[in-house]
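Following: one structure in structure tokens, then a few remarks.
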Amino acid sequence: MTMTATDPRPALAEGLARLFRDGDPSILAPEAAWDMMAPVDHVAGRDAIMADVVAPLRAALTGLHRRDLIVIGGPNRRDTGGEWLVCVSHYVGTHDGALWGVAPSGKLAFLRAGEFHRLSDDGRHIVESRIILDLPDLMRQAGRDPWDGHGLGTEIAFPAPATQDGLCPPRAGGTASLDVVERMLGALHVYDPETKGSAGQTGEGGTWADDMLWYGPCGIGSNFRWDGFVKDHRDAFLTAFPDRKGGNHYCRIGDGDYAAVSGWPSMTMTMRAPYLGVLAQDAKLTLRVMDIYRVADARIAENWVLLDYVDLFRQMGRDILR
């Protein structure tokens, strides 16, 4: 399937919208398999996806519908290959029913989502997916703090890109956008243990824009500029997990001014210090990661980040959806 011959992105996005809004499974291949955030984890087969994912969402969120912020796609640069569709979305509705351990609020909810979907050879169906729904943030919206006051940055709903062009953007430049992101990822592996800085990130020749915006999951929150990123995320994370190693991505794509990478899991690390209210355990941990980037003038201007913290904290012995 060649995604540049005819643009399948709008039809695929509409197929996903119908899946959740109308319960129409036609976008799913019969053999589709979804790997999701905890506690759902792995769901195999179209019927199981409808029963174990779509039905619970439709039951919990009255009037369920998607509000996509970013829809991009393209060929996978990693050896795993395939054509992929990547979305940053919110699932929107009135939170009238419990959802995977999150008690209802009876109020409007915006459940943020990151999705990587591998497409069939004809580009019409989804055959494999990785999906993270930010259940801790749904819990926060329902009036319960998953972190007992230990959260870091500013908790906001994910915004659309500042350029307002995230839905099926013009396709030129995707290779260059992904090149910038890969250069940044390579430099992140080495950092100063005192300042938590990494060479090549900011300043002349850096990969991050001076006015970068980083939008993170519940617990980390969002932050502004490199110093805000370090203060509200990087410092605490590297203090708790100083030996963390990232990468291990199954998918990396570039599309226009956007790029996306994901690993399942991406990070391996050891917990050496307290983090978000949990004491250090010297535990070996893994972390499922999704990053979606907007690149402008050869620098990263915005970064939307989904992390499966329900699974991470499950490995620490804590059920944060209690």
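What follows draws every value from the coordinates through simple rules; no lab data is involved. Note that the structure is a prediction, hence the values are computed from the model and not measured. Here the Cβ positions follow ideal geometry from the backbone for every residue, glycine too, while neighbour counts run over all protein chains shown.
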For segment 1-142: relative contact order, % (alpha-carbon pairs under 8 angstrom, 6 or more apart): 24
Length gained when the stretch residue 120-residue 51 is fully extended (0.36 nm per residue, less Cα-Cα span): 22.6 nm
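Give me the percent relative contact order of the chain, please, defined on Cα pairs under 8 angstrom at least 6 residues apart.
Over the chain, the number comes to 16 percent.
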Selection from 298, 135, 164, by position along the positive dipole direction of the chain (Cβ): 135
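Beyond 27 Å, how much of the Cα-Cα pair distribution for segment 9-141 remains, as a whole percent? Numbers along the way, then the final one.
Working: 1281 of 8778 pairs.
Of all Cα-Cα distances in segment 9-141, 15 percent exceed 27 Å.
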Rule-of-thumb Rg ratio for segment 267-311 [Cα; 2.2 N^0.38 Å; N residues]: 1.55
Student exercise, the chain dipole from Lys, Arg, Asp, Glu Cβ charges, in Debye to nearest 20: 420
Expected 222 nm ellipticity per residue - DSSP helices of 4 or more, -39500 (n - 2.57), all of the chain, to 500: -5000 deg cm²/dmol
Rh by Kirkwood over Cα pairs, then Stokes-Einstein D for the chain at 0.692 mPa s and 37 °C, µm²/s: 165
